[in-house]
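Have a look at the structure below, then the notes.
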Amino acid sequence: RMKRQYFRVDIKKMENNLAVAMVTDVTQEKNFEKEKKISTFRLRRAEKLASFGSWEIDLNTNRMYITEGACWILGVENNEWLYDDIKKIPLPDHRESLDAELQALIKGIKPYNIRFRIKRADDGEIRIIHSIAEFRKDKNMVFGVIHDITEVVSFEKALSETNNDLSLAQKIAKIGNWIYDSATNSLKVSGQVSRILGGISVPDDPRLFDFKKLTGAAQLEDLSNACFHAINDGTAFERQIQIILKDDTEKWIE
């Protein structure tokens, strides 16, 4: 396959209708420009798909530069801003905490890592933003990224509400759930399981939980065998087991 080459020609007019031409191979320069354009396009596409953007503040000039991804998140068109002007986009309730976070970063007190809400400049939509940044003392500049996490926070809230509803339903129905991961030998139980077992704390490591203290050896062996077959060949099981709590109360669990 033939490679394309690029040349730059500089012509200087001389006396007697003569000219001198200097030819320079600029193939490497052109290829670099082409790769830069491709990389820039890929970055723009990635920023839009992932809802993130980059920003930097020059503390010497108090000017802020933001990438196209950040423009899209904030609902603005310009890439360059006076920092005091772009500070109007976050909701007023967050302004004090944002300023304090930035000053703490510059003074080396703690990293810049904050969530806040903005009102997009173009459509007025309220969005939730997560931003992290670092301070370059040698340049007296702050470099950071922003990420629109509105949908993530909405999902987290919905999941939390679902878990709360599930916990309440389990409490009412006196049902608990447990998950054993044979690959990591870890055990996770819902809060209702602990209540059913008389308030006993169930550790994540099942080897530290002595179920034998609550039931007889025969029932424990039967349950262990059932779990073994469930893990190895997927056989479902259902068992009714009698347990004795710390106050000698007898209880049947399924």
### Message
Given the criteria of a type outside the set (A, V, I, L, M, F, W, C) and at pLDDT 90 or above, does Asp138 qualify?
### Response
yes
### Task
Considering only segment 175-193, state which residues are open to solvent by 30 Å² or more (accessible area, probe 1.4 Å) and under 18 Å from Glu254 (Cα atoms).
Ile175, Asn177, Trp178, Ile179, Tyr180, Lys188, Val189, Gly191
### Task
Could you check Leu98 against (1) modelled with pLDDT under 90; (2) surrounded by 15 or more Cβ atoms within 10 Å (Cβ to Cβ) and say which number it fails?
(1)
### Query
Which residues, taken from segment 104-152, are touching a Lys or Arg at 6+ places or on another chain (Cβ under 8 Å) and part of a helix (DSSP H, G or I)?
Ala104, Thr150
### Task
State whether one or more residues within segment 150-160 are modelled with pLDDT of 90 or more, over 30 Å from Cys227 (Cα atoms) and of a type outside the set (Phe, Trp, Tyr).
yes
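Results for (1) modelled with pLDDT of 80 or more; (2) in contact with a strand residue (DSSP E or B) (Cβ under 6 Å, 6 or more places away or on another chain), shown as yes or no for each residue.
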position	(1), (2)
Lys3	no, no
Val9	yes, yes
Leu18	yes, no
Thr27	no, no
Met64	yes, yes
## Note on the structure
Asp247 passes all but one of the listed conditions (1) assigned to a loop (DSSP other than H, G, I, E, B); (2) at pLDDT below 90; (3) open to solvent by less than 90 Å² (accessible area, probe 1.4 Å); the exception is number (3)
### Query
Within segment 198-219, can you find the residues that are surrounded by 15 or more Cβ atoms within 10 Å (Cβ to Cβ) and either out of contact with any Phe, Trp or Tyr (no Cβ under 9 Å at 6 or more places or on another chain) or modelled with pLDDT of 85 or more (or both)?
Phe209, Phe211, Leu214, Thr215, Gln219
### Message
Any residue that is in a strand (DSSP E or B) and under 20 Å from Gly199 (Cβ atoms) - is there at least one of those in segment 218-241?
### Response
yes
### Message
Within segment 101-136, take every residue that is over 21 Å from the mean Cα position of the chain (by Cα) and within 17 Å of Val153 (Cα to Cα) and give me the one that is least open to solvent (accessible area, probe 1.4 Å).
### Response
Glu125
### Query
Here are some residues: Lys171, Lys157. Which one is of a type in the set (D, E, K, R) and surrounded by 14 or more Cβ atoms within 10 Å (Cβ to Cβ)?
Lys171
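The values are calculated or read from the model by the stated rules, or taken from the named source; none is laboratory data. Given the structure is predicted, the values throughout are model-derived calculations rather than measurements. FYI the Cβ positions are ideal-geometry reconstructions off the backbone, even for glycines, and counts take in every protein chain you see. We work out accessible area using only protein heavy atoms, side chains counted, and drop any ligands, DNA or RNA first. Shrake-Rupley method; radii C 1.70, N 1.55, O 1.52, S 1.80 Å.
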